[in-house]
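The next block holds one structure in the form of structure tokens; read it before the comments.
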Amino acid sequence: MANATSTHTHTGTSQPQLNYLTENTSLKDWLTTIDHKRLGLMYLAAVMAFFFVGGALALLLRLELLTPKQDFMDSATYNKVFTLHGAIMVFLFIIPSVPAALGNFVLPLMLGAKDVAFPRLNLASFYVYCLGAIMALAAIIGGGVDTGWTFYTPYSTTTDGPVGLMAMAVFVLGFSSIFTGINFVATVHKLRAPGMGWFQLPLFVWGIYATALIQVLATPVLGITAVLMVMERAFHIGIFDARLGGDPVLFQHFFWFYSHPAVYIMILPGMAIISEIIPVFSKKTVFGYRAIGFSSVSIAFIGFLVWGHHMFTSGQSDLASAIFAFLTYLVAIPSGIKIWNWLATMYQGSIEMRTPMLYAMSFLLLFAIGGLTGLYLGAISVDIHLHDTYFVVAHFHYVMMGGTVIAFLGGIHYWWPKMFGKMYNEKLADIACWIIFIGFNVTFLNQFMMGSQGMPRRYWTYLDEFQRYHIGSTIGSWILGFGLVMAAGVLLSSLRKKEYDAGDNPWGSRTMEWETISPPITHNFEGQPVLRHGPYDFRVEPTPATVAGGRH
Amino acid sequence: MNFLERLFLPPQASTHAKVVDDVFIFVTWVNIIFFVIVAAAAIFFVIKYKRRGPNDRTPHVTHNLTLELVWSIIPLFIVMIIFFWGFQTYMVARIAPNDSFEVQATAKKWLWAFEYPDGTRSINELHVPFGRPVRVVLSSEDVLHAFFLKDFRVKSDVLPNRYTEVWFEATKPGEYVLQCAEYCGKDHSRMLGKVFVDNKADYDRFIAEGPADWKTMPPAELGKMTYEQAGCVSCHSLDGSKGQGPSWKGIYGSTHQFVDGTSQVVDENYIRQSIENPQGKIVKGYEGIMPTYQGLLREKQINGVIAYIKSLK
Ligand SMILES: [Cu+2]
């Protein structure tokens, strides 16, 4: 016990212990690894690369929109660029971001497991992701696609370009997502440490578990829809084509049957991260553990029944619209409950504003705006006015970017010391977080205003009266872009440090991933860790797992 | 209240606009109140409960059922108000009054064509008499479009296989923008139109002779306007570059070859035929994809186009 603390600050020991980064470092070892931590990092690198590409495309779009005239892209190019921005951000970045990158790394560690339930499937899912990404890139090189990420028929079945290839890329990426989902469900069921019941799971696990269920249940529908659309294009089977007796609106039902739950695939993991960060930096047990856990599951469930709220102007029946609107408001409640729970957790806490907490606070405000502006869109008569305007664009960017991406960044800053054993410069990281927050708001508050004023989305040119908002939004996008690059620079430059200086549990967390050394050894823990206290029990001091493993 | 309306909403030009805006403003107040509560609590807690040192002790409070019920039920109650209000105001806007003035609108890439009760047709501009509810029946000839009048707060998708409709009653005569709100390809953002809510006299004059300002306009200028508004712009360039159709630059007086092997000098008659019966003679190197504009353009406009093409040296 006495030397328990010294074993995991391994700089002091004579023989530095190998960890998952330093053991077996050949390229082949990395490419064939079944270690969830390495796969997590590989996913992290891949999704971040696509985030960069998608972000660069967004900056180009914003630049073109600075004036209503053609600045440097013609309208056909613009249409391809916004399609790519959307498709890359949704299918290659956000959907895999938290689950595949952070989830892979953290989930088994949190459960006290050596790996996920099916490590080979995990590796396969990564390569399926790569295959999907290559197909998407091939579609871009092969001329680009101008359908919008939503692929609405009959435009998508009649326009030129490699739409089929792009749709098949989405199909393949879906499988990657399904594999990850299956793996996580099995892992949570089977590999929890002794003593860890369902209500001792960290809330991150609850969130990832709910997400995994949606991934497994909803993604097949996306796959089928993509295949039907491709068949329609190639063989005119007449499912969606009105001239052959099909119905183009049917496509929208299929598409949103996946893509609305996909919104929860994107946001639940973000909420899950915040549910970790806030108690740790408030040093107070989470308020309403069960409420937060169950709200994740109920969001996942009700989220399947609200897809028609994307279609209030599509000509669907009034009764359908009413039911969808009603359920949409119901699903708002569990999301709201989470916000109250987070605030109540902070109440009477001992709050330390380290970088991850700063991101969590940024999330809280941005996600509140994202969620609250959803209230406009559920009111059918108001939605009729706002549908397909920049208001909707701003709304979902507040949820997806202000919510998920900010939480993802917070999560990266939170687990970075665990992943690499090295601490970044927190001052600079804080400054980057502020710049992102400001840039984000400047970009998208302008879009709310121009949207409700009547600026339609997916417009390459626009009425002069909207220009002032566009100028503001474009300037905001530069600030935002700068902040993101700065955050990346701060994190990456920490890797140049020679020594592991982060410590095993720099934030004083109580969940299990912090009980092993940083970076963890290949098998995560010395021996099987046993649960000794709840995930947010700050009455006890944190203890390293190695003590229970009986090594000393 | 007025401040919020000006900040967020376009002018109210229909009876329905006010109804929608009331819901909008109500939701805005709900949002402001909730946001202020969340933001103030977060900021206050961060300052008030700032960590003092490593020995800080925090209470171990796991939950509080009463509190949780309160903060679930109050928001539930509020969102239900919004739901019912939003639905009820939507339903009133669904069914047009029986005495509505009825227009057919057809959308195609990338223009709006309107047909009036007396058979008159117009492109990208819709004239309706003031003081009557107007019902617009929508259909598409190709992909999805959406008929969006922001100042009237109405919008509907336009489908190829089903009629949809919107109705509105303008509260003041004037000119309003029509925008396509469902992505439809290259010129989606230029698929604009104008809605003129005319006094009785203006409307009758429109039916008889087209819009009033055409009278005073020089023919070439009317031609240029027709070129832009009737959608010629999406296929014909002015700078000599080849689009889906031949450029208009310098064609007047030159000799054109056709796919059937014949040739002809481009003169007034040829231009008129090309507009009224584009399939009659198809220029070599192009496909016969140009739609006919017979009955869509008034006499004055065709003369205008001819004058305009002449002027493009
Ligand atoms: Cu359109």
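Averaged per residue, what accessible surface does the protein assembly as shown expose to a 1.4 Å probe, in Å²?
In whole numbers, the protein assembly as shown has 38 Å² accessible per residue.
Given the pairs B:Lys108/B:Lys313; B:Lys155/B:Lys186; A:Lys422/B:Lys50, which are separated by over 24 angstrom at their Cα positions?
Correct reply: B:Lys108/B:Lys313; A:Lys422/B:Lys50.
I need the shape label for the stretch B:3-94. Rule: rounded when a/c is under 1.5, else prolate if a/b > b/c, else oblate, with a, b, c from the alpha carbon gyration tensor. List each step's numbers first, then the result.
Numbers: a/c = 7.08, a/b = 2.15, b/c = 3.29.
Because a/c hits 1.5 or more and a/b fails to exceed b/c, the stretch B:3-94 counts as oblate.
Which shape class, rounded, prolate or oblate, goes with the protein assembly as shown when its Cα gyration tensor gives a ≥ b ≥ c as root eigenvalues, a/c under 1.5 marks rounded, and past that a/b bigger than b/c marks prolate? Don't skip to the end; give the middle numbers.
Numbers: a/c = 2.50, a/b = 1.87, b/c = 1.34.
Prolate shape, in that a/c is at least 1.5 and a/b is the bigger ratio.
So, in Å, what gap is there between the alpha-carbon centers of the stretch A:251-294 and the stretch A:419-494?
If we compute the Cα centre of each part, the gap is 23 Å.
Just checking the output field for B:24-30: average partner chain Cβ neighbours within 10 Å of each residue's Cβ? Don't skip to the answer; put the middle values down first.
Values: counts 7, 0, 3, 9, 5, 0, 3.
Mean shielding by partner chains, rounded to a whole number: 4.
Taking chain B as the reference, fit the longest principal axis to its C-alpha atoms, fit the long axis of helix B:65-92 to the helix C-alpha atoms, and give the angle between the two in degrees, 0 to 90, nearest 10.
30
As a test of the definition: with a 1.4 Å probe, what buried accessible area, both sides summed, do you compute for B against A, in Å² to the nearest 100?
Values: alone 18600 and 21350 Å², together 32740 Å².
Heavy-atom accessible area buried at this interface is about 7200 Å².
Name the residue from B:Cys235, B:Tyr116, B:Gln301 whose Cα lies farthest towards the positive end of the charge dipole of chain B, charges +1 on Cβ of Lys and Arg and -1 on Cβ of Asp and Glu.
Value: B:Cys235.
In peptide B:73-84, how many Cβ atoms from other protein chains are near each Cβ within 10 Å, on average?
Shielding by partners across B:73-84 averages 5.
Check cross-link reach from A:Lys114 to the lysines: straight Cα distance under 17 Å, and skip same-chain residues fewer than eight apart.
Qualifying lysines at Cα under 17 Å: A:Lys37, A:Lys190, A:Lys418.
Taking all pairs of distinct Cα atoms, average 1/r, flip it, and tell me the Kirkwood hydrodynamic radius of the stretch B:101-213 in Å to one decimal place.
On the way: mean 1/r = 0.0716 Å⁻¹.
Evaluated over the stretch B:101-213, this radius sits at 14.0 Å.
Using alpha carbon centroids, what distance separates the stretch A:165-225 and the stretch B:247-313, in Å?
A separation of 61 Å, based on Cα centres.
If you wrap a convex hull around the C-alpha atoms of the stretch A:273-354 and split its volume per residue, what is the figure in Å³? All intermediate terms of the calculation are to be shown ahead of the outcome.
Values: hull volume 8.0 nm³, N = 82.
Hull volume normalised by residue count: 97 Å³.
Under the rule of -39500 (n - 2.57) per DSSP H run of 4 or more residues, summed and divided by the residues of chain A, what mean residue ellipticity at 222 nm is obtained, to the nearest 500 deg cm²/dmol? Mind showing how you got there, number by number?
Details: 19 runs with 341 residues, N = 552.
Mean residue ellipticity, 222 nm, calculated: -21000 deg cm²/dmol.
Between the helical axis of A:75-87 and the dominant principal axis of chain A, each derived from Cα atoms, what acute angle in degrees is found, rounded to the nearest 10?
30
Enumerate by residue number the GluC sites (Glu not before Pro) in the stretch B:198-294 meeting two conditions: DSSP loop (anything except H, G, I, E, B), and at most 13 other Cβ atoms within 10 Å of the site's Cβ.
Listed in order of number, the matching sites are B:Glu287.
For the Cα atoms of chain B, what angle does the longest principal axis make with the long axis of helix B:219-229, in degrees from 0 to 90, nearest 10?
The angle comes out at about 40 degrees.
With a 10 Å radius around each residue's Cβ, average the other Cβ atoms per peptide and rank A:108-116, A:521-529, A:67-75, highest first. Numbers along the way, then the final one.
Values: A:108-116: 24.2, A:521-529: 18.9, A:67-75: 13.3.
Peptide ranking by packing, descending: A:108-116, A:521-529, A:67-75.
Mind running the shape call on the stretch A:19-515? Use the C-alpha gyration tensor, a ≥ b ≥ c as the square roots of the eigenvalues: rounded below 1.5 for a/c, prolate if a/b tops b/c, oblate otherwise. Before the final figure, lay out the partial values.
Details: a/c = 1.45, a/b = 1.36, b/c = 1.06.
Rounded, because the longest to shortest axis ratio a/c is under 1.5.
Give me the distance between the Cα centres of the stretch B:115-133 and the stretch A:41-55, rounded to whole Å.
If we compute the Cα centre of each part, the gap is 53 Å.
Looking at the stretch B:148-181, which trypsin sites (Lys or Arg not before Pro) are DSSP coil and have at most 16 other C-beta atoms within 10 Å of their C-beta? Walk me through the numbers on the way to the answer.
Values: sites: B:Lys150, B:Arg153, B:Lys155, B:Arg162; in loops: B:Arg153, B:Arg162.
Hits after loop and neighbour filter: B:Arg162.
Within the protein assembly as shown, what whole-number % of the accessible surface is contributed by carbon and sulfur, with the 1.4 Å probe and all protein chains included in the calculation? Each step should come with its number before you reach the end.
Details: 21200 of 32740 Å².
Within the protein assembly as shown, the accessible surface is 65 percent carbon and sulfur.
Students often get this wrong, so check it: of A:Lys427/A:Lys498; B:Lys194/B:Lys215; B:Lys200/B:Lys300; A:Lys69/B:Lys242; B:Lys215/B:Lys281, which have C-alpha atoms separated by over 26 Å? Each step should come with its number before you reach the end.
Details: A:Lys427/A:Lys498 20 Å; B:Lys194/B:Lys215 19 Å; B:Lys200/B:Lys300 23 Å; A:Lys69/B:Lys242 21 Å; B:Lys215/B:Lys281 32 Å.
With Cα atoms farther than 26 Å apart: B:Lys215/B:Lys281.
Multiplying the sequence separation of A:Cys130 and A:Met231 by 0.36 nm and subtracting their Cα-Cα distance, what value in nm do you get?
Numbers: separation 101, 0.36 × 101 = 36.36 nm, distance 2.40 nm.
Here the segment from A:Cys130 to A:Met231 would lengthen by 34.0 nm.
The values are calculated or read from the model by the stated rules, or taken from the named source; none is laboratory data. As the structure is a computational prediction, the values presented were derived from the model and not from experiment. Using ideal geometry, Cβ is built from the backbone for each residue, glycine included, and neighbour counts are taken over all protein chains shown. In case anyone asks, the SASA skips ligands and DNA or RNA and just uses the protein heavy atoms, side chains included. Shrake-Rupley method; radii C 1.70, N 1.55, O 1.52, S 1.80 Å.
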